[in-house]
Amino acid sequence: MFWLIGAFCAFVVAGGAYWKKSLTFSGAAAAFVMGTVYFGAGNLLWFGTLLVFFVSSSLLSKFKQANKEELEKSYAKTGRRDAGQVFANGGAGMLLCIFHAVWPHPGWIYAFIGVMAAVTADTWATEWGGLSRRPPRSVLTGKIVPPGTSGGVTLMGSAAAAVGGLAIALFAWLFALWTRTDAAWLGLWLAGLAGGLAGAFADSFLGATVQVMYRCPVCGKDVEVLEHCGRPTRRIRGWRWMNNDAVNFISSCVGGLAAWLLALAL
């Protein structure tokens with residue numbers, strides 16, 4: 001029954017997101033599979049937390065979209081998520097959900113909250129940071145970098161990351177109460193904050209060091225895309241396989257690990 005309910009809810013959400021152009025067709029298919037697993041192998045805590053991330057991130061990507069259009073031309077992925085983005089953001093959480101179904105333990109839940117807090121914090125930081133009037137600074141050197149530069153952070157974006165992590169913690173706590181899940185409220189809140197900040201920092205650090213970056217031969221801008229200003233770009237640094245999806249997945253794992261370690265310490 002839980003699998004049928006999960007499949008129905010996932011179909012409605014993925015279909016609505018595709019209709020609203022928040023997901024591509026491949027992204028909608030991936031979201032359907034993921035949502036079904038989250039509810040079937042888990043419960044409302046898992047599915048609901050995933051939904052909070054997806055809905056909030058989709059709404060933020062549409063907020064003042066015109067102001068962010070120029071920046072999005074430099075990004076490998078835009079507000080309309082494909083299957084790669086869906087699995088990069090929710091794949092680690094899906095594995096934790098399956099692990100918890102096979103071997104129930106609160107540690108999986110704390111790690112899951114950290115994962116979802118990390119991807120939420122990163123998305124909120126990107127969307128809000130793109131609206132900052134102050135230029136971003138490199139997470140490595142502290143020097144001012146052009147808007148849209150991987151590894152660039154702003155005060156507004158960092159604050160949004162913390163708020164995003166706490167938002168996941170809040171809803172996870174409410175869902176845990178509703179489902180009577182065996183998880184300490186303090187652990188959930190700390191997992192959200194620690195996972196969100198650790199994941200967002202990891203994303204910025206990877207973006208500034210090993211993420212593959214290209215340079216446009218026309219405007220000279222460093223971008224994540226293979227084509228810019230109508231011309232092919234040239235790789236200037238980073239590992240070829242370390243694209244935006246890989247960075248997001250690794251960062252989510254860092255957030256989950258931080259939350260899990262904090263739960264062990266407590």
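The values are calculated or read from the model by the stated rules, or taken from the named source; none is laboratory data. Everything quoted here is computed from the prediction, not taken from an experiment. Every residue, glycine among them, receives a Cβ derived from its backbone with ideal geometry; neighbour counts consider all protein chains shown. Just the protein is used for accessible areas: all its heavy atoms, side chains included, with ligands, DNA and RNA removed. Shrake-Rupley method; radii C 1.70, N 1.55, O 1.52, S 1.80 Å.
Here is the list for the range 78-141: trypsin sites (Lys or Arg not before Pro) lying in DSSP coil, each with at most 11 other C-beta atoms within 10 angstrom of its C-beta, are Arg133.
Calculated accessible area for the chain comes out at 49 Å² per residue, all protein chains present (probe 1.4 Å; ligands, DNA, RNA ignored). Distance between the C-alpha centres of the range 201-256 and the range 1-67: 26 Å, rounded to the whole angstrom.
Taking all Cα-Cα distances within the chain, those exceeding 24 Å account for 46%. In units of the rule-of-thumb radius 2.2 N^0.38 Å, the range 138-188 shows an alpha carbon radius of gyration of 1.70. The angle separating the long axis of helix 244-265 from the principal Cα axis of greatest extent in the chain is about 40 degrees. Considering helices alone, the calculated mean residue ellipticity of the chain at 222 nm is -23000 deg cm²/dmol, with DSSP H runs of length four and up weighted by -39500 (n - 2.57) and normalised per residue.
Helix 83-102 axis versus longest C-alpha principal axis of the chain: approximately 20°, rounded to the nearest ten. Applying the criteria of a DSSP loop state and at most 15 other Cβ atoms within 10 Å to the chymotrypsin sites (Phe, Trp or Tyr not before Pro) of the range 99-193 yields no site. How large is the accessible surface of Asp222 in square angstrom, using a 1.4 angstrom probe and rounding to the nearest 10? Accessible area, nearest 10 Å²: 60 Å². Would you please state the base-10 log of I(q)/I(0) at q = 0.12, 0.13, 0.20 1/Å for the range 126-266, with intensities from the Debye formula using one equal scatterer on every alpha carbon? So the normalised log intensities work out to -0.57, -0.65, -1.16. Counting only alpha carbon atoms, the long axis of helix 155-179 and the longest principal axis of the chain meet at about 20°. Restricting the trypsin sites (Lys or Arg not before Pro) of the range 227-266 to loop positions (DSSP other than H, G, I, E, B) with no more than 16 neighbouring Cβ atoms within 10 Å leaves Arg240.
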